[in-house]
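Notes to accompany the following structure.
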Amino acid sequence: MSLLLLGLRSVAATGLRCPPVRGKKRWLWPYLRYLKRKAALEGPTKPVPRLQQPNFDYHAEIVAFSKRLHETFSIQLLKTAFVSPSYLLQEESRRRDLGLDRETAALNLQDNEALAEVGSEFTASYLTSTLQQAFPNLPRAGLEAVVDYLTSQEVMCHVAQNLCVEDLALSSECPLSPDTLQKTFSAVIGALLESSGPDTTGRFLQDFLLSQMIGKDLFDLWSVTDPMSLLVEQLSQRNIPLPEPRITRQSGATTVLPVYFVGLYCDKKLISEGPGETVIAAEEEAARVALRKMFGFAENRRPWNYSPYKRDIRDKQAALTS
């Protein structure tokens, strides 16, 4: 009994000492709760440009950007492509606030306005000529719609963000606005054009912009409200008889989920067939299928042909070795 009382007194004096359990971090949940409350009180942190963060060598990052893309840039032109006009205004204003005069506060830098204009013009002309060669039957309106999609702000900003253009851009904005990011990416294209020529820049656009058409349907890029009228117009230009729609199959016509298949016949030949929940929707889909076949934009079309560029490279290599 005395031993039991002695043990209870020792426990009361020293307290229970439980051995630590492996993998159980009892401090983690209170600490995370504290961080969550602190973030709720202070609000979201203001983003800091990558240039102002530690362990960042701008010149090394510019060279690494060129090597990562396997392109030959003029380093000075590439640096100019990342300088936006707002950055120059901000830096000159900051220097004047420090007490420097106007001449001393001026930066010996150029903005990317000229390079962006050159790059955007070359991009539009190259995409237009390339798509015209690849899809010669595509009408002008469809060609312009595809080019507008590839040069749109959404697509170019998506490509620029994945190439880490935003981390190297010098601007007063953080994060960059879509307009600034698109202009900076166009300036990078202009710098590549002036550094390596149109052939290399064309392959760059082919790799990063034309590849955005993969998995896209023609009518996702080109909005056509009345495909049957467009089909009639195209058939009339080719001296082909007008299409005659006929219901080829149907299922569940008396249910809430009917399916109709409408085929289009020209000169008693089936040229296309499309499904739809109604006869009108199936007829429109059949017209779209016929237009895709006519323009060479069908789903089972052949992949993009890179052989002309490979042949040019082999010819140049053979000319250099001979």
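For T72, all conditions in the list (1) β-branched (V, I, T); (2) at pLDDT below 80; (3) outside any helix (DSSP H, G or I) hold save one; what is the number of the exception?
Every listed condition holds for T72 apart from (2).
Restricting to region 220-236, name every residue that is in contact with a Leu (Cβ under 8 Å, 6 or more places away or on another chain) and either touching a residue at least 24 places away in the same chain (Cβ under 8 Å) or open to solvent by less than 30 Å² (accessible area, probe 1.4 Å) (or both).
V224, P227, L230, L231, Q234, L235
This table checks each residue for (1) over 37 Å from the mean Cα position of the chain (by Cα); (2) surrounded by 12 or more Cβ atoms within 10 Å (Cβ to Cβ); (3) on the phi > 0 side of the Ramachandran plot.
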| site | (1), (2), (3) |
| --- | --- |
| S195 | no, yes, no |
| F204 | no, yes, no |
| K216 | no, yes, no |
| Q250 | yes, yes, no |
| A253 | yes, no, no |
| V259 | no, yes, no |
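Would a scan of region 143-164 turn up a residue that is open to solvent by 20 Å² or more (accessible area, probe 1.4 Å), acidic (D, E) and within 13 Å of L209 (Cα to Cα)?
Yes, the conditions are met somewhere in region 143-164.
When only residues in region 172-191 that are open to solvent by 20 Å² or more (accessible area, probe 1.4 Å) and of a type in the set (G, A, S) count, which is farthest from the chain's Cα centre (by Cα)?
Restricting to residues being open to solvent by 20 Å² or more (accessible area, probe 1.4 Å) and of a type in the set (G, A, S), the top hit is S172.
Those residues that are within 12 Å of the chain's Cα centre (by Cα), under 30 Å from Q234 (Cβ atoms) and touching a residue at least 24 places away in the same chain (Cβ under 8 Å), I need them from region 132-153; list them, please.
Of everything in region 132-153, those that are within 12 Å of the chain's Cα centre (by Cα), under 30 Å from Q234 (Cβ atoms) and touching a residue at least 24 places away in the same chain (Cβ under 8 Å) turn out to be Y149, L150, T151.
Within region 169-188, identify whether any single residue is in a loop (DSSP other than H, G, I, E, B), among the charged types (D, E, K, R) and out of contact with any Cys (no Cβ under 6 Å at 6 or more places or on another chain), and answer yes or no.
yes
Do the conditions hold for V11, that is, is it modelled with pLDDT under 65, surrounded by 10 or more Cβ atoms within 10 Å (Cβ to Cβ) and hydrophobic (A, V, I, L, M, F, W, C)?
Spelling it out, V11 is indeed modelled with pLDDT under 65, surrounded by 10 or more Cβ atoms within 10 Å (Cβ to Cβ) and hydrophobic (A, V, I, L, M, F, W, C).
Is one or more of the residues making up region 97-114 of a type in the set (V, I, T), open to solvent by 50 Å² or more (accessible area, probe 1.4 Å) and over 20 Å from F204 (Cα atoms)?
yes
Can you tell me how many residues within region 98-132 are part of a helix (DSSP H, G or I) and either on the phi > 0 side of the Ramachandran plot or at pLDDT 85 or above (or both)?
20
How many residues, within region 87-96, are surrounded by 15 or more Cβ atoms within 10 Å (Cβ to Cβ) and either charged (D, E, K, R) or at pLDDT 85 or above (or both)?
3
Applying the selection to region 25-68, what residues are of a type in the set (V, I, T) and either loosely packed, with under 10 Cβ neighbours inside 10 Å or over 25 Å from V188 (Cα atoms) (or both)?
T45, V48
The values are calculated or read from the model by the stated rules, or taken from the named source; none is laboratory data. Predicted model, so just to flag it, every value in this text is computed and none were measured. Positions of Cβ are generated from backbone atoms using ideal geometry, with glycine treated the same way; all protein chains shown enter the neighbour counts. Note: accessible area is taken over every heavy atom of the protein model, side chains too, but ligands, DNA and RNA are not part of it. Shrake-Rupley method; radii C 1.70, N 1.55, O 1.52, S 1.80 Å.
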